[in-house]
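Below is one structure, written out as structure tokens; the observations come after it.
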Amino acid sequence: MRRGVLGCLLLLSSTAIATEATPDRTIYRHAVLIDGTGAPARPGTSIVVEGERIVAVLPDAQADTSGARVVDLQGRHVIPGLIDTHVHLAPPPDADAARKTLRRQLYSGVTAVRSMADDVRSVGELSRQALVGEIPSPDIHYAALMAGPGFFKDPRTIAVTRGRTPGQTPWMQAIDERTDLVLAVAMARGTSADGIKLYADMPGPLLARITAEAHRQGIPVWAHAAVFPAMPADDVAAGVDVISHSCPLAYQASARKPASYHERTPVDEAPFNDGAMPAPITDLFASMAARGIILDATNLVYVRHVEEYARDRKGAPPRCSAGLTLRLTAQAFSQGVAIASGTDGDNPEDAPFPALHDELDLLADPVGMPPMEVIRAATATAARALGQEKAMGTVEPGKLANLVVLAQDPLADIDHLRSVTETVKRGVRYPRSAFAAGDTGSKANGSGTHTPD
């Protein structure tokens, strides 16, 4: 008798487990799919989702809808979830403010972000909450930072290591020639960071040694464009995976080069006069393209910084003009450098859309990237910048069900990326109508909240 009861309990238990393990099946039908690979748009497409994954992408006529939840997207366009490759969520930590920012991003089509050196004690918890669905938020991938000892007098480093000694935490490490790099990289990995950010006050040979050790341990390296005194060419020679910011790339051709991060010597723009693009820059971009190094351009934050400084003359002066920043991004793109969609700042809290949409506007015009390439910058290329190309960035079987449903065609006008009707993240639907700011298609106006470096 006891065996019979136990057997029944085991049978019931295994049945319950099997039921829980069987994912819900949803079919998004009649979509015009722009899959992020660069392939032409595909009308009449069904996207089959089970749980948090895409299991099939096929013509409507081939989709078996029996037993599935069907979502009719007639007249709608679908793209992969958008990705912002350069955000700051905790400098210093304010979890409530970060959650508001993340919520707006998700309801605006953003399904992943890369947090570029914050207090990972806070960001790590936000990342966990986002991953398991406790908060409406993009997935958060984040960096551990390494810089020369001189950088850790910066007040931002104090704010993001409060309670500890700046430069002596696993997520913010001061590195010099005496540092045990094997241990330093292992400590950075131990924070669950997705990459190591190289930031300031490092010579080229040390930058190269860190990059080699990080790659040996299987973690990508994301470098500031100029890690003064190291120059952009040092980043490229080291083989970093992603370089952030177009503007500081100009130092490669500048007669004036800062010796350290805190030296705010502007770029000497004389070599760029009359539309010229000097050889040190074109050579740099040729090397980046050949090595597959991604440029996280962050045009918007530099454009806004120039505008703000011209208005009030407060704070640090711009390192280069807005026009040069945009020209550098355009030149990089024209030479085959992969461009990713980072912002490095956001819009005011009451704006209906995050800054990513404004950055994408700039990539379309004046940078001059075709709409399809702008979409790829914010999807497939951005996923590669996060080191997450196997999980996201394109609409393909096996990848996360991260989708953006649009009322208008983004290939006709990149501004139509604001026509979001719903976001799907990891198979969960987030209708734009549920967003408190309202379903508005207006562009956000306002200044960024982060001063570029």
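Some values worked out for this structure:
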item: Residue count for segment 366-379, restricted to those that are surrounded by fewer than 24 Cβ atoms within 10 Å (Cβ to Cβ) and either among the aliphatic types (A, V, I, L, M) or free of Cβ contacts under 8 Å to residues at least 24 places away in the same chain (or both); result: 3
item: Residues within segment 348-378 that are over 20 Å from Pro138 (Cα atoms) and β-branched (Val, Ile, Thr), tallied; result: 1
item: Pair list, Cβ under 9 Å, 6 or more apart: segment 269-294 residue under 14 Å from Ser321 (Cα atoms), other residue part of a helix (DSSP H, G or I) and among the basic types (Lys, Arg); result: Phe272/Arg327; Gly275/Arg327
item: Boolean, Pro317 is open to solvent by less than 20 Å² (accessible area, probe 1.4 Å) and either without any contact (Cβ under 8 Å) to a residue 60 or more places away in the chain or not in a loop (DSSP other than H, G, I, E, B) (or both); result: no
item: Number of the condition not met by Glu359 [criteria: (1) farther than 20 Å from Leu406 by Cβ; (2) open to solvent by less than 30 Å² (accessible area, probe 1.4 Å); (3) of a type outside the set (Ser, Thr, Tyr)]; result: (1)
item: Residue within segment 357-364 that is closer than 13 Å to Ile34 by Cα, modelled with pLDDT of 95 or more and of a type outside the set (Asp, Glu) present; result: no
item: Check on Gly44, open to solvent by 10 Å² or more (accessible area, probe 1.4 Å), touching a helix residue (DSSP H, G or I) at 6+ places or on another chain (Cβ under 8 Å) and over 17 Å from Pro354 (Cβ atoms); result: yes
item: Where Thr343 falls short, out of the listed (1) assigned to a loop (DSSP other than H, G, I, E, B); (2) open to solvent by 10 Å² or more (accessible area, probe 1.4 Å); (3) closer than 20 Å to Arg104 by Cα; (4) of a type outside the set (A, V, I, L, M); result: (2)
item: Qualifying residue in segment 270-292 (condition: touching a Cys at 6+ places or on another chain (Cβ under 8 Å) and crowded, with 23+ Cβ neighbours inside 10 Å); result: no
item: Residues located in segment 113-138, provided they are in contact with a Gly (Cβ under 9 Å, 6 or more places away or on another chain) and closer than 14 Å to Gly427 by Cα; result: Pro138
item: Of residues in segment 151-184 being open to solvent by 20 Å² or more (accessible area, probe 1.4 Å) and of a type in the set (Ser, Thr, Tyr), the one nearest to Pro205 (Cα to Cα); result: Thr179
item: Residue within segment 86-101 that is touching a Pro at 6+ places or on another chain (Cβ under 7 Å), modelled with pLDDT of 95 or more and open to solvent by less than 10 Å² (accessible area, probe 1.4 Å) present; result: no
item: Selected residue [free of Cβ contacts under 8 Å to residues at least 60 places away in the same chain, assigned to a strand (DSSP E or B), β-branched (Val, Ile, Thr) and open to solvent by less than 40 Å² (accessible area, probe 1.4 Å)] from Val123, Val113; result: Val113
item: Criterion violated by Ala259 - all others in (1) within 22 Å of Phe151 (Cβ to Cβ); (2) surrounded by fewer than 21 Cβ atoms within 10 Å (Cβ to Cβ); (3) among the aliphatic types (A, V, I, L, M); (4) in contact with a helix residue (DSSP H, G or I) (Cβ under 9 Å, 6 or more places away or on another chain) satisfied; result: (4)
item: Members of segment 396-418 found to be surrounded by fewer than 22 Cβ atoms within 10 Å (Cβ to Cβ) and within 11 Å of Tyr107 (Cα to Cα), listed by number; result: none
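The values are calculated or read from the model by the stated rules, or taken from the named source; none is laboratory data. Note that the structure is a prediction, hence the values are computed from the model and not measured. FYI the Cβ positions are ideal-geometry reconstructions off the backbone, even for glycines, and counts take in every protein chain you see. The protein model used for the area step is the full one, side chains on, heavy atoms only, and it has no ligands, DNA or RNA in it. Shrake-Rupley method; radii C 1.70, N 1.55, O 1.52, S 1.80 Å.
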